[in-house]
Structures are given as structure tokens and as C-alpha cells.
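> Below is a structure I'd like to ask you about.
The values are calculated or read from the model by the stated rules, or taken from the named source; none is laboratory data. These numbers were taken from a predicted model, which means no experiment stands behind them. When we count neighbours, we look across all protein chains shown, and the Cβ atoms used for this are built from the backbone with ideal geometry, even at glycine. Surface areas here come from the heavy atoms of the whole protein model, side chains and all, with no ligands, DNA or RNA. Shrake-Rupley method; radii C 1.70, N 1.55, O 1.52, S 1.80 Å.
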Amino acid sequence: MVCTRIGFVLVVAMFVLAHGCSDDTSHVVPEVQAALDAFHTADTSMHAQGVIDLLWPEYTMFADGARVGYEDVVDGSKAFMGSLTFFQTTWSDIQIIPLAPDLAISSFVFRDSILKQDGTLLQSKGPNSFVWQKRAGEWRVLYGDADHYPIDQ
């Protein structure tokens with residue numbers, strides 16, 4: 001987990017250096033919150049395309065110790081969401097940090113309860129972080145990081 005967080009910090013530092021800093025970030029938090037809400041809605045409605053539409057094509061993710069690229073996320077999201085009967089996730093401790101007028105980090109703790117069509121119940125919790133980038137007026141995720149841990153019964 002330490003390597004995951006160090007990698008995340010390095011990615012964020014790279015974006016900050018590439019984009020510079022600006023004082024005009026007052027619009028960032030409400031705009032990213034709206035995009036984050038749309039992501040949550042897509043997740044809980046099991047709408048894979050809705051999730052995919054919130055990712056930039058160069059999206060990558062570090063999930064549970066594995067690097068995953070955009071195409072794998074697209075294919076995996078469609079297959080996974082298609083196998084579900086129910087998906088509930090609650091997000092707590094949400095924080096959005098503006099880095100520039102077109103760049104932000106969101107982080108939260110998730111708690112998932114997922115019922116697959118074959119009757120398998122999956123429950124997990126963990127941290128999630130996204131790097132959001134705004135292009136042509138649209139916020140999408142450029143990088144994600146999540147770790148899933150079992151929920152103690």
C-alpha cells in the first residue's frame with residue numbers, strides 16, 4: 001500500500017508541475033463534485049457506459065496492486081456490470097483538492113455491497129483517489145487508485 005500511495009503522489013506532482021498553479025480554482029470543487037456524483041450514480045445503477053464516459057481515453061488505474069489500462073477498464077466494466085443484480089456503494093470522507101483550474105484530486109472511502117447474478121455477495125471497503133482533468137469544459141478521470149479490503153462481519 002505504501003508503494004501505491006508513493007506512486008499516486010508522484011503522479012500528482014507530475015501534473016502539478018505540468019499545469020502550474022493558479023489562484024482561479026473556485027469553480028473546481030463544485031464542478032468535480034458534480035462529476036463525482038455522476039460517477040457514483042453510474043456505479044450504483046450498474047451503467048458501465050456511464051462510468052466509461054467519465055474516463056479519459058488515456059485513463060490508467062492502480063487497483064489492488066495491479067496497473068490497469070483504459071481498454072481493460074472498458075471491457076472489465078461492461079463484463080462486471082453485466083454480471084450484477086445489485087450494486088450499492090456508499091462513499092464517505094469525500095475530499096476534493098483543486099490543483100489548477102483544470103486539475104483536481106478527489107478522494108473518499110468506499111463501502112460496497114454487490115450481488116452477482118449467480119448469487120455471490122461481494123462486500124469490500126477501501127480508499128479511492130481520482131485525478132480529474134477538465135478538457136473543453138468537461139471533467140473526466142485521468143488516473144485512479146483503489147484498494148479493496150474485506151468488510152469484517
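> When region 30-57 is examined, which residues are found to be in contact with a Leu (Cβ under 7 Å, 6 or more places away or on another chain) and over 22 Å from Leu115 (Cα atoms)?
Ala35, Trp56
> Filter region 1-58 for residues that are part of a helix (DSSP H, G or I), modelled with pLDDT of 55 or more and among the polar types (S, T, N, Q); which is farthest from Phe87 (Cα to Cα)?
That would be Gln33.
> Any idea which of Ser77, Ser113 is in contact with a strand residue (DSSP E or B) (Cβ under 7 Å, 6 or more places away or on another chain) and open to solvent by 20 Å² or more (accessible area, probe 1.4 Å)?
Sole residue among the options that is in contact with a strand residue (DSSP E or B) (Cβ under 7 Å, 6 or more places away or on another chain) and open to solvent by 20 Å² or more (accessible area, probe 1.4 Å): Ser113.
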